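Q: I'd like to ask some things about the structure below.
What follows draws every value from the coordinates through simple rules; no lab data is involved. Given the structure is predicted, the values throughout are model-derived calculations rather than measurements. Here the Cβ is made from the backbone with ideal geometry for all residues, glycine too, and neighbour counts use every protein chain on show.
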Amino acid sequence: MYGVQIAFRNYNPIDGFSGSPWVGLDNFVRFIHSYQFTQVIGNTLWIAVLGLLVAFPVPIVLALVVNQLQSERFKKFTQTVLYSPAFISTVVVVGIMFVLLSPRSGLVNNVIKLTGGEPIFFMGSPEWFRPVYVISDVWQNAGFSMIVYLAALASVDPALHDAAKVDGASKFQRVRHIDLPGITPVITILFILAIGNLLNVGFEKALLMQTDLNLSTSEVIQTYVYHAGLQQAQFSYSAAIGLFNSILNLALLLTFNWIARRTHQASLW
Amino acid sequence: MTTKTQTRLKTAAVPLVPGRPDRRRRPLRDKFADPVFNTVAIVVLLLAIAAVVYPLYFVLIASISDPNQIYEGNVWFFPQGITFEGYQRIFADARIWQGLGNTILYTVVGTAISVTAILCGAYALSRKDLPGRKIFMLVFVVTMFFDGGLITKYLVVRDLGMLNTMWAVVLPGAVGVWNLIIARAFFEQSIPDELREAAQIDGANDFTFFLKMVLPLSKSLIMLMIMIHVVANWNSFFDALIFLNDDSKYPLQLVLRNILIQSDITSTGTTGGDITSYAAAQRIAELTKYAMIVVSSLPLMIALPFMQKHFTKGALIGAVKN
């Protein structure tokens, strides 16, 4: 945290943290006026919102469905299988993407060729970066997030289900009107947390998936900080961007927490 | 959580009075609603399972298939023209072995440091008589939502003289706040104050109590923490990427990244698939990639069934806290 001050200074290695001259908000202004600003912010928001819309509901649906399974063994098996990808490292997941999506030998393109289509160079085209990113995110993390919802579902009072059964409610109606409201507080909390990390979009994965060819959609705030800061050694400038990102995140978190408190009586604290 | 499961068992045992079906209140479609729901549910889950398993299975069979068969799209469900050349190449590659050695070293040291620090810290924070407990907690929690960013972290590590050493990889992320909160919640729930008072009367000081009573009572938590950190350390690459610049110190994941991903970027250009010696070499390289994915993920995949119980429990502690 102490280091945050360099965002407001013009850092140079000779004078160090506390000796470099103060420049106020210059670094922030420079970022906002830079030509990458719109692109980088736009990319980040695109992926973040797309990811939230697609990746957030999937584990909830999975948990609701798995919870309704009669057979304990099938339930357990499903859980284990669905969350196993969470234990594969990001590097390997991206590695799998590269081999399976390879334009010459990849599985996906073999399917496309089989059905008479033209092979697509997924990892090298800007328009494919977002879909591939989001789908692989769901693939890797949905099963693991599901576990939390399953834990919450275990604490839904079974008496409610029995009462509803007597009243002739179908399974779907019970899932919709008992299970779903039962886990709404957990959903709200996790949603707020997800919002708080919205702009931190799986930075490691974005960096790994980045190629020279898809930069126009894959450069997000964090990878930009990495490139500008560590590879080009513009420490103050990129620290300012990092700080800008943190502040935006915090603001989003506080806003949504406030909304949630007003509407659902749920809050992080 | 246990009380809830008990309620469930109890209520399930009570026989339901079957409600007399009332024709007006139950439209016809209700008769089919449940079977339809069940079928849809099972189809959805089977599709999900297939979507998770098939890519992994494909990588596995591709790693022992003849690369030419993969290129021609003949490999679908069974390996074709079995070859172990990919694996032979990997095991002959010194970088892989060195990376593996480094990963094991970082994993062991990193896990030991993290687990020790988290257990001690979380226990202290779980004690209601700790002065300034709320302030400590606040300081930790703030970092969950607000951090100084990559650059400041880098500069701090650099100024501490840890660049290009193992410590840069194992120390900065040693204490995750989320894990600290889980551990604290566990201590608060399972170590009653009365136990400590009793031990004090028997002459145990805080250290004896922690070592002889708290730790033995927290075996499941310790297992969970060890597993979380083994998995995290085994899979991490980013800290190594920014803090290490000496090839011989790279952990396995970074070596993998350089071979699996970086090499692809340079080679997957617009070159067509014409049969030259270059293309043949590339096919072998592809094969090695498949094999490498298998080798690097297999240890955790095999351990997964044994770890599952602990991870589910961790999610429960987290959910209770929520």
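Q: Please determine, in degrees from 0 to 90 and to the nearest 10, the orientation of helix A:235-264 with respect to the longest principal axis defined by the Cα atoms of chain A, where the helix direction is its Cα long axis.
A: Here the helix axis deviates by roughly 30 degrees.
Q: Can you give the net charge of the other residues whose Cβ lies under 12 Å from the Cβ of residue A:44, counting K and R as +1 and D and E as -1? Show your work: numbers first, answer last.
A: On the way: positive: A:130; negative: A:219.
Within the 12 Å Cβ shell, the charges total 0.
Q: Could I ask something else about it? First obtain the Kirkwood hydrodynamic radius of segment A:17-151 from its Cα pairs, then insert it into the Stokes-Einstein equation at 10 °C and 1.306 mPa s, and state the resulting D in µm² per second as a whole number.
A: Values: Rh = 18.3 Å.
The estimated diffusion coefficient comes to 87 µm²/s.
Q: Roughly how tilted is helix A:72-83, in degrees to the nearest 10 and between 0 and 90, from the longest Cα axis of chain A?
A: Helix A:72-83 sits at roughly 10 degrees to that axis.
Q: If you take each beta carbon of peptide B:227-238 and count the beta carbons of other chains within 10 angstrom, what is the mean?
A: What the average comes to for B:227-238 is 3.
Q: Hey, got the average number of other protein chain Cβ atoms within 10 angstrom for residues in A:101-108? Show your work: numbers first, answer last.
A: Working: counts 1, 6, 3, 10, 13, 5, 9, 1.
Average per residue, whole number: 6.
Q: If eta is 0.890 mPa s and T is 25 °C, what Stokes-Einstein diffusion coefficient results for segment A:7-264, Kirkwood Rh from Cα pairs, in µm²/s? Can you show the working numbers first?
A: Details: Rh = 21.3 Å.
Roughly 115 µm²/s, to the nearest whole number.
Q: Expressed in nm², what is the orientationally averaged projection area of the convex hull enclosing the Cα positions of segment A:111-269? Write down the numbers at each step before the final one.
A: On the way: hull surface 57.2 nm².
Averaged projected area of segment A:111-269's Cα convex hull equals 14.3 nm².
Q: Please work out the Cα center distance from segment A:80-129 to segment B:180-228, rounded to the nearest Å.
A: 47
Q: If you don't mind, another one. Going down the list B:128/B:219; A:205/B:249; B:128/B:153, which pairs span over 25 Å between their C-alpha atoms? Please list the in-between numbers first.
A: Values: B:128/B:219 22 Å; A:205/B:249 22 Å; B:128/B:153 32 Å.
Correct reply: B:128/B:153.
Q: May I pose another question? Over all directions, average the projected area of the Cα convex hull of segment B:215-262 and note it in nm². Intermediate values should be presented prior to the final figure.
A: On the way: hull surface 17.3 nm².
Value for segment B:215-262: 4.3 nm².
Q: Excluding residues on the same chain fewer than 8 positions from residue A:76, give the aspartates and glutamates whose Cα lies under 13 Å from its Cα.
A: Those aspartates and glutamates meeting the cut-off do not exist here.
Q: Right, another one. Show me, bin by bin at 5 Å from 0, the whole-percent P(r) of segment B:137-233 based on Cα pairs.
A: 2, 10, 16, 16, 16, 14, 10, 9, 5, 2, 0
Q: Per the Kirkwood formula on distinct C-alpha pairs, the Rh of segment B:78-117 is how many angstrom?
A: Values: mean 1/r = 0.0796 Å⁻¹.
After inverting the pairwise mean of 1/r, the radius is 12.6 Å.
Q: Points 7 angstrom from Cα along the Cβ direction at residue A:173 and residue B:127: gap in nanometres?
A: 5.7
Q: Please compute, over every Cα-Cα pair in segment A:115-202, the percentage with a separation greater than 19 angstrom. Spell out each step's value before the answer.
A: Numbers: 2315 of 3828 pairs.
When every Cα pair of segment A:115-202 is considered, 60 percent fall beyond 19 Å.
Q: Over the Cα atoms of segment B:97-258, compute the convex hull volume and normalise it per residue, giving Å³.
A: Values: hull volume 20.8 nm³, N = 162.
For segment B:97-258, the hull spanned by Cα atoms encloses 128 Å³ per residue.
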